[in-house]
Each structure stands twice: as C-alpha cells, then as structure tokens.
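Taking it in order: structure first as structure tokens, then the write-up.
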Amino acid sequence: MLMITRRAGERIVLGEDIVLEVVDIGHGQVRIGIEAPKSVPVYREELWAAIKAENEAAAHAPAGPLPAVQEPVTR
Amino acid sequence: MTQSLESSRFGRLAIDDEAVIEFPNGLIGLGGTRYVLVGRDQDSPFLWLHSVEDPTLALPVTNPFRFFSDYEVVLSDAEAERLGIADPETCDVWVTVRAAERPEDFRVNLRAPILVTGGRGHQVINDAEHAPVQMPLFAPIAAEAA
C-alpha cells in the first residue's frame, strides 16, 4: 500500500478528478473530505464489505424454488 | 428486440430489451451492469434479479414493504444528488434476499435497497435508523405473539 503523510488541510489527488482532504485530525480518528465525480460511489469500507457479502450470499441461493408464502407477514 | 439467455438457474429466458435495467455502478461488490427482473411464480413474493451478462448470476429480491409495512428508505443529500433521485418513494424498491433451507433463516438486506426508476437501478445505502444488513424475513410465530 502506498503511504503518504499529510497534515490537516492538505490534500491528495487521485487521477484527474478525485481529491481527498484531511479535514481534521482528532483523538484516534481523522475526518476526510472527498470530492469525486457523480459516477464514483463512495463507501465506508466495513459497510461496503458487509453489503458485498450479502449480495454474494444472495447470489448463492440454494437451487430450486424459494418457499411460497401464503400470507406475507406484516410487521 | 428480444434476446435469449441460457440461465444456469432457470434455463432459457427470453429477455425483452425494454426490460433490461441498467446499473451504472453494478451491484455493490458484484460485477455486471445489466440485469432483468425474473418472476417465476405470480404468487411468490420473490423475484430474481438476473444478470444479462452472466448466465450464472441471479439474486432473489423482494418488495420490502410487503413484509415491513413501516420500512423507509432515507438517502443522504449527497447520495440523492449524486443519483438524481429526489424522492426514493418514486422508485421501485427491492431488497436482496439471503435464502436458506429454513424460512426462519431467510435474511433481507434493508440497509442496501435497490432503487429502480426509468430503466436504471442503483443499490444505495439507506440512512434510515432501523435498517440492518441482515434482517430476518419471517418472524418466529412465538416472537410475534410476545
């Protein structure tokens, strides 16, 4: 992994149109600003990984029909 | 125009071009940008989001409002603006289903619903408060009564 040291207020440019800015450095966490084109979705990694895992699990559904549900359960 | 797809799960499917949903960013963590909704059974609450590009890729989805009457989708302003979706309620909303042998083990992803409008689809992050990634789809009867 590429390592770059930055101070608060300093930026990193990725390619032509993505900019990351270290907005604030606090106790044990940093606040990062992101400028990216609309075509680029941005996710917190742990949420992205959890959703990826769900999508993959869904795509590996057992063969055969899913259970028919006579009356949907409304909660 | 109609094209034919040899689905590993369903056999030959006739795909109407008009039915193809474009996912500019694909599904999160999965490849492919073109899917269709396939329904096998009118009475089933489950449809399949089937890749047009990969005949082995299909995910069961369902309408979350059918199971969770108070479900809501809340987009951050940045996400709504990025996608050009002012109001998620104007979209068709689907959630992915983690199917299992036993109905009580079925889970749906309320955190990352799929919004479809105008032939385009986006899997989004739902900022609503109670929207778990793994929500049991069928509540145990005992818990319902409690």
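The values are calculated or read from the model by the stated rules, or taken from the named source; none is laboratory data. Computed from a predicted model, the values in this text were never measured in an experiment. Virtual Cβ from ideal backbone geometry, glycine too; neighbours counted across all protein chains shown.
Of the candidates B:Val95, B:Val73, the single residue that is hydrophobic (A, V, I, L, M, F, W, C), more than 8 Å from chain A (Cβ to nearest Cβ), in contact with a Leu (Cβ under 9 Å, 6 or more places away or on another chain) and in a strand (DSSP E or B) is B:Val95. Residues considered: B:Glu81, B:Glu89. Of these, the only one that is more than 10 Å from chain A (Cβ to nearest Cβ) and part of a helix (DSSP H, G or I) is B:Glu89. Please enumerate the residues belonging to segment B:14-26 that are assigned to a strand (DSSP E or B) and at pLDDT below 95. The answer is B:Ala14, B:Ile15, B:Asp16.
Of all residues being aliphatic (A, V, I, L, M) and not in a loop (DSSP other than H, G, I, E, B) in segment B:98-117, which is farthest from the other protein chains (Cβ to nearest Cβ)? Just the residue, please.
B:Val116
More than 10 Å from chain A (Cβ to nearest Cβ), closer than 25 Å to B:Pro136 by Cβ, surrounded by 15 or more Cβ atoms within 10 Å (Cβ to Cβ) and touching a strand residue (DSSP E or B) at 6+ places or on another chain (Cβ under 9 Å), is that true of B:Pro64?
yes
Suppose the filter is surrounded by 20 or more Cβ atoms within 10 Å (Cβ to Cβ), at pLDDT 95 or above and of a type outside the set (Val, Ile, Thr); does B:Pro132 pass it? In short, no.
Looking across segment B:1-46, the residues that are within 26 Å of B:Arg111 (Cα to Cα), more than 10 Å from chain A (Cβ to nearest Cβ), surrounded by 11 or more Cβ atoms within 10 Å (Cβ to Cβ) and out of contact with any helix residue (DSSP H, G or I) (no Cβ under 8 Å at 6 or more places or on another chain) come down to B:Ala19, B:Val20, B:Ile21, B:Glu22, B:Phe23, B:Gly32, B:Thr33, B:Arg34, B:Tyr35, B:Val38. The one condition from (1) among the hydroxyl-bearing types (Ser, Thr, Tyr); (2) more than 14 Å from the chain's Cα centre (by Cα); (3) within 24 Å of A:Val42 (Cβ to Cβ) that B:Thr117 does not meet is (2).
Among the residues of segment A:1-58 satisfying the criterion of being in a strand (DSSP E or B) and charged (D, E, K, R), which is farthest from B:Gly84 (Cα to Cα)?
A:Asp24
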